[in-house]
Structures are given as structure tokens and as C-alpha cells.
Amino acid sequence: MFRYILRRVAWSIPTLLIVTFLVYLALRIGTDPVASYKRINPRASRAKIAEYIDVNGLDPNFVQGYFKWLKNFVTGEWPRSIKGRREVWPALKDAMANTLRLGSAATVVGIFFGLIAGVLAALRPGGKRDVFINTSAFVGISIPPFISAIMFQLLFAVYWQKWFGESLFPTSGVYPAGHTGFDLFLMLKFMALPTLVVAIQIIATYSRYMRSSLLDVLNSDYMRTARSKGISERRVLIKHGMRNALIPVVTIAALDVGSIVGGLIITENIFSYPGMGLYFLKSFGEGDFPLLMPWMVVIVASVLFFNLIADISYAWLDPRIRLE
Amino acid sequence: MSKQESTVLSPRQMAFRRFVSHKAAVASCIIIGLLTLFIVLAPLTARYGVNESVQAPPNSFLTPRAKSWLGTDDIGRDLYSRLIYGVRVSLLIGLASAIISVTLGALVGAVAGFRGGKFDDIMMRVTDLFLAFPFLVTLLVVRNVLGALPWLRPITGDMSSVRFIIVLFGLFGWMGVARIVRGQVLSLKEREFVEAARAVGASRRYIITRHLLPNSVGPIMVALTFSVVGAIIGESTLAFFGYGPQAGDGATSLGILVGAAKGAVQTGYWWLAVFPCLVLIVIALSINFIGDALRDATDPRLDRGV
């Protein structure tokens, strides 16, 4: 087990390098800040242009540029942003903190209710409750998050204000304008709608996973064996049923980070929530390469990390899997 | 029931029966059929042109009324008529890019599954990586790369054109399909009839095109329906964030209309937000239901006793 983990971790480093190189290439091909700099400043001297390239880390040779970027990234001398020559790390750090808060809230809420719905559906397959949960999950998956975000804004903010005098939930930001300091209640209120939008997708997805996984388990022979041994139904369900049904779900959960981040990007943008998603869309729109690259590294690293977690947890949870 | 069981049904008939038993899918087929009729007959069904104002100014932001069933937009154009023209473009984008991506994906998946080895490994790695990433991020980055390569211009056209979007989704959507077809081919290639074909000396190409792909038609059809939805929603998402096709000459798409909803929410022009979103939801749901029923119908293992 230990050797397996070590080998997987060792493998993820070259993977990370290759993927970041590909991302570097794609971003450099896709954005050309030097050309726009020359366009805006047509009389810029050679030295000025060279300085611009140096400060922002825009080496014209992509392979050399990548290694130079990598060296600077590892040593902490990140090239500054194109717009305003700002330090990248403080902005990225804030965005990460905000997104972690929103993302973990939505994931916890989503997986909790998703699993419950899935179990409720699987206990009586084909029943009214099952049909209801299944259909709602299907509808939930079919509706893209930006649509539900718009609908919630319209309902809970704009029209609520029209009908009842004040809006139920705010629709943008983390705190009201001008607010300083920490206020848990206010923060939760501002997080409510975005969390709901992301959580709906997660609930819909996980209730389906949980349902099919639990149905598989419930129909297996060891469940019958457990019952025939005279163990109480409750114990059979929890110890033999739930435990085994959760194995594939845990794996899928770890692999799903990418799609959760995807949902966050869309949601954050609509609710002007200053997280990773807003950071990405803003710097992408401005073609700000020095801001984008560290963002990409964070995303690539977390996707690879959770892939690793998925593999390890799968191997650890399921004793039938032999590693060597 | 017992009478029906005694008559012998072909696999295709059985699949049809299973499909028809899925009530929501049948309703969805009717809805999509009606919608198609509406958009094909657009000059008749739309009450105004794409760019035509409902009446002389003041005509902007009219609430729904007899003159304009679903209200008007900021410059007085009829939302109902624009929706018809918009769905036309969006369905075209969905169908065209789905056909490209499913063809690509089926070929890649079949070859990867059949040959195995290095090609299979690399292909599946690439697929896994692409699927693990946030959809929107990959889409935007790939979009910029495609737009920045001048030698692709003859194929992709201008970055803001509908053709560019179709090529983008066509090149982008094959990975999920490739994975599904690969799985199917992996299980099919060990079967006796493939072995028999190999024994009589059939070439690889013959086995893939005559045995493996035709026997994967079910999953491929399912993948096709889901790709259509994926492309339609993808186009709307891109347009919503301002990276969609640009409306040349007042042409529109569902994405552009949904994108306009963003600005309409805070000002309270609810019809501009609600109706385009509703149409998108109905289309996405209907095609998803059809895909779901197709999956049940073509997968004998899922037989739920018709």
C-alpha cells in the first residue's frame, strides 16, 4: 500500500510538469500581450519592450520561456500582472480562500442531501418516492447552473423586493459595499444563493450515483447472507449495505472536483463573488498571462491531487483490489 | 402480456417497445418534433423578422401583450419571433457539432479499443485529462488557441462566427464518446462473431466498420443525443459570458438571448430572462429524456420487463 502511494505520488510530478507545459503553450498561443503592448505604445523603444517582456515573463521562445517561468514560479519570483503590474499572489490567495469557503459549503450541503436522497430512492425502487427523486435529479442535471442562478436572482432578490419590500438574499459580493471585518451571519447570507446553485447540481448528481450504487449492493449475495445470519435489518443496511455502496461514490466524488470548480466559475461570475472563478474570467478576458498561469497551476494540481486521492481511497476502501 | 411474450420480436422491435414505454421520452419527442416544425417554418410561424421592430417607438421593453406575445427587447424587437430564429441557429449548432464530435469520437474509441497498446493508453490519458478539467476553462483556452492559429482560419472561420463554434464543439466533444465506444469495443472484440471474422481473414478495417461499429450503434446514438444537448448548453454558456457567436446582421441564437437575460434581471424585465431560459430548459430536458430512453431501449441488460 505504502509503495503504491509512493509510486503514484512520484508519477504525479512529471504529469504536473507536462500538463502545465501544455497549459503554458495554450495560453501563450491564445494570448499575445506583447503585440497589444506594441499596438498601444507604437513608439516604445526596444529596451522598453524588452523590459515589458521581462517583467511579465513573456519570453518569445515558448520552450525557454516555460523553463524560465518554472524556475521563477518555484523560487517565488512570479512575473507581475500585465494590468497594473500588481503582485499575483495576494489576489490569488484571496480568491482561493473565498472559493474554498463557497466550494466546501456547497459540496458538504450537496453531498449530504444527495446521499440521503439517493438512499431514500434506492430503498424502495420503483415506488413513488423513487420516481419523484429520480425525476427531480434528472431535471436538476439538465438545467445549466447559470439558468438556475438567474432564476434565483430574479425570484429571491428582484421580485422579492417588489412584493415584500426587501430582498431575501443579496445577489453579489461577499459583504455589502464598505463593510469591514468579519461577520458570520452576513457572510452566510451572502453565500446562500451561490451555494444553493452549486449544491443543486451536486445533489442531483450524487443522488443518482448513490441510488445506483446502493441498488447494486442491495441485490448482491452478501446482503442475503447477512440477512440469513439473523442480523437486524438496520445493521444489515448500514454495515453491509451503506459501507459498500459508498466505495464507488467516494471515488467519483474525488474525481468530480473539476466539474464542481466548473460550476463555481459560472456561479461566482453571476453573483460577482470574488473567488477563483471571477479571478479566472476577469484575467482571461484581459488576456493577463501572468495572472492566469498560477491559477492554472492551482487547478491542475488540485485535479491531479484529487485523482490521486480517488485512486488511493478506492484501493484502501475495497479490500478486493490488490495493488502489486 | 403473456400473449405478447409468445410472439417473437426482433431486437429492433423490442428496443422500440422499450423506448415507447418511456412516457417522458415520447412526450419529449412530440415537443422536439413540434419545435422543429416551428423553426423549419420560421417565416410563417414567426410574427416579425429577426430585426424587425414591433411598432414605431416607443417600443422597447414592452411587457407581453397581444401585439407581442412574449414582450419586446431593448430596441423593440419581438422576443417570440427572435426565439424562433434563435432556436434555429442553436439547434443547428447542436446537431452539426454533435455529428462531428460523435464521428470523431466513435472512430478514435473504436481504434483505441480494438488496437489497444500505446495508442489506447495515450488516447485514454488525454481523454481523462480533458474530462477532469472544468469544462468552461478548457473550452475558453482551446477557443483562444483555435482562434490564434492563422492556418486554421479556412476551416474555423472568424472567431465570432457560428462556424467557429461548431468546429470548436466538434473538436471538443469527442472525448466522452470515445470513452463509451472504446468500452463497448473492448467487450465486443472478444465475442465469437468477431473471432470468426478474424478467423476467415477479415482485415482490421473490415472488422471495425462492419462488426464493431454497427454493434455499438446504441451507445453511439445515446452519445449523439447528449452531445447535442452539450453543444446547445455550451453555446449558451459561452454566449452568456460574452464569448459566443456574435450576432451579425441581427441574427441571433438561444445563447445570445439567454445572455441578454443577465442584464434584464436586475432591472426587472422578467420576460427577457424567463422565456429564453424556459425554452433552453425545455430543449435540454426533452433531448436528455430522449437520450435516457434510448439508452434504456438499446441496452438489453437494463431490460425492465416492458
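The values are calculated or read from the model by the stated rules, or taken from the named source; none is laboratory data. Note that the structure is a prediction, hence the values are computed from the model and not measured. Cβ coordinates were reconstructed from backbone atoms using ideal geometry, including for glycine residues, and neighbour counts include every protein chain displayed. Surface areas here come from the heavy atoms of the whole protein model, side chains and all, with no ligands, DNA or RNA. Shrake-Rupley method; radii C 1.70, N 1.55, O 1.52, S 1.80 Å.
Things to note:
- Annotation for the range A:185-223 versus the range B:91-164: alpha-carbon center distance of 30 Å.
- In the full protein context, the range A:92-317 carries 46 Å² of accessible surface per residue, based on a 1.4 Å probe and ignoring ligands, DNA and RNA.
- Modelled FRET efficiency - R0 35 Å, A:Asn219 with A:Phe182, Cβ distances, 0.05 increments: 0.10
- Among B:Ser90, B:Ser253, A:Asn244 the positive-end extreme of the charge dipole of the protein assembly as shown (Cβ point charges): A:Asn244
- Projecting the Cα atoms of B:Gly230, A:Tyr209, A:Ile231 onto the charge dipole of the protein assembly as shown, computed from C-beta unit charges around the Cα centre, puts A:Ile231 farthest toward the positive end.
- Equivalent ellipsoid dimensions for the range A:11-74 as semi-axes, Å, which come from the Cα gyration tensor, largest first: 27, 12, 7
- Exposure rank, largest accessible area first [B:Tyr269, A:Tyr37; 1.4 Å]: B:Tyr269, A:Tyr37
- Estimated inter-spin distance, A:Ser212 and B:Val217, nm [label 7 Å along Cα→Cβ]: 2.4
- When the charge dipole of the range A:11-74 is built from unit charges on Cβ atoms (+1 for Lys and Arg, -1 for Asp and Glu) and taken about the Cα centre, the candidate among A:Phe67, A:Phe21, A:Asn56 whose Cα reaches farthest toward its positive end is A:Asn56.
- Cβ-Cβ distance of A:Tyr175 and B:Lys118, R₀ of 45 Å, FRET efficiency by 1/(1 + (r/R0)^6): the value works out to about 0.25.
- Members of the range A:125-143 that become less accessible by 20 Å² or more once partner protein chains are added (1.4 angstrom probe, chain alone as reference): A:Phe138, A:Val139, A:Ser142, A:Ile143
- Solvent-accessible area of the protein assembly as shown (1.4 angstrom probe, protein heavy atoms only): carbon and sulfur portion equals 65 percent.
- Using R0 = 60 Å, the C-beta based FRET efficiency linking A:Ile231 and A:Lys282 works out to 0.60.
- Helix B:174-188 vs. chain B, principal-axis angle (Cα, 0 to 90°, nearest 10): 20
- A:Arg235 accessible area, assembled protein chains, probe 1.4 Å, Å²: 130
- Computed from Cα atoms, the angle from the helix B:23-40 axis to the main principal axis of chain B rounds to 50 degrees.
- For GluC sites (Glu not before Pro), the sites in the range B:146-244 that DSSP calls loop and that have at most 14 other Cβ atoms within 10 Å are B:Glu190.
- Probe 1.4 Å, accessible area per residue of the range A:11-74, Å²: 63
- Filter on A:Lys282/B:Lys262; A:Lys93/A:Lys189; A:Lys128/B:Lys23; A:Lys83/A:Lys282; A:Lys48/A:Lys71; A:Lys93/A:Lys282 - keep pairs with C-alpha separation over 19 Å: A:Lys93/A:Lys189; A:Lys48/A:Lys71
- Largest GNM mean-square fluctuation among B:Ser227, B:Ser216, B:Ser101, using chain B with Cα springs under 10 Å: B:Ser216.
- Isotropically averaged projected area of the range A:142-236, using the convex hull of Cα atoms (one quarter of hull area), nm²: 10.3
- Helix A:46-56 axis, angle to chain A major axis (alpha carbon atoms, nearest 10°): 20
- Association of chains A and B removes close to 3200 square angstrom of accessible area from solvent, both sides included, for a probe radius of 1.4 Å.
- Exposure of A:Phe305 as accessible area (Å², to 10), given a probe of 1.4 Å and all protein chains: 110
- With the whole protein complex present, A:Leu17 retains an accessible surface near 80 Å², based on a 1.4 Å probe.
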